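First the structure, in the form of structure tokens, and then the observations on it.
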Amino acid sequence: MKILISIDDVRNNYRQLGKQVNEENFNGHVREVQENNLNQILGQTLTFDFYNFLENGFTLSSETFVRDSTKQLTATNVDLSTWVAFSLKINDNIYVVVDSAVFDGTDTIIKVSGYDLPTILTTIEYSSENKYTKLLNGCISSENSKPIYFKGIRPLLIWHFLASYLIDGSLKQSDVGNINIIGSNFSNASNRQLNEARSNYLENAIRERNHIIDYLELNSSIYELFKGQAKQNTQDFNFFAF
């Protein structure tokens, strides 16, 4: 299973995470969120098709690429102007959509959206399909013939991760059982503080869940495997005790 968010996604866009949050622990929490919360929304069939595309739906390009900026790269000595609206998988874990691909007679200038391009390009794979890249990253959609911005599934994963990590992020499984790590200059937050934060995180997660359902329903002709889900009230997780 591809891990769909990174520590930097959380730190740069939503909440501070300390340096003690290691990638192994982070990935374990995110995998739990993807297997349970995301799977519940998408359903088994759409979930399988989604991950199968991210893993196996691309063809490796043998062309030479140069990164120009976070949103632009150049394919040297080749015409790739047919790549408009294609999905690209970069370094096996970054997914973007090609917004424009202009051949200048020698090189192709490619502009992308959805995620920032990494500084170093090791592999670039391509696909003519983009519906799952848009589901992951977000995109401009429309409702009642008016444009709306869909943020993708990452916000949902991040809010559920934060709620999960809030409960047991400080617990470590050791040879002597579970231990709770507290730094010498820190103390645990109170139950009320934890409860208020968790309520807020889960309310935000429900909002994102409802946005995902709206997007999939509005684009049901594209996401034919989506079976529909009932939306939730954000107050469902407005609680006062663990």
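General remarks:
- Burial ranking of peptide ranges 103-111, 209-217 (average Cβ count within 10 Å, highest at the top): 209-217, 103-111
- For the cross-link pairs 111/151; 89/227; 89/231; 2/151; 111/227; 89/131, the ones whose C-alpha atoms lie over 23 Å apart are 89/227; 89/231; 111/227.
- Residue 11-residue 214 FRET efficiency (beta carbon distance; Förster radius 30 Å; 0.05 resolution): 0.60
- Summing charges over neighbours of residue 77, with a neighbour being any other residue whose Cβ is under 15 Å away from its Cβ, gives -4 when K and R count +1 and D and E count -1.
- Sorting the segments 85-95, 14-24, 219-229 by their residues' average number of neighbouring beta-carbon atoms within 10 angstrom, most packed first, yields 85-95, 219-229, 14-24.
- Label-point separation, residue 19 to residue 140 (7 Å along Cα→Cβ), nm: 4.2
- Between the alpha-carbon centres of segment 112-132 and segment 37-60 there is a gap of 17 Å.
- If R0 is taken as 30 Å, the Cβ-Cβ distance between residue 62 and residue 131 corresponds to a FRET efficiency of 0.70.
- Full-stretch length increase - residue 111, residue 72 - with 0.36 nm per residue and alpha-carbon distance subtracted: 13.6 nm
- Order by protection proxy (mean Cβ within 10 Å, highest first), peptides 61-71, 33-43, 145-155, 128-138: 128-138, 33-43, 145-155, 61-71
- Gain upon complete extension [residue 48, residue 122; 0.36 nm per residue less C-alpha separation]: 23.9 nm
Quick note: the coordinates plus some simple rules give every number you see, no bench work behind them. For clarity, every value in this text was computed on a predicted model and none was experimentally measured. Note: ideal-geometry Cβ built from the backbone for every residue, glycine included; neighbour counts use all protein chains shown.
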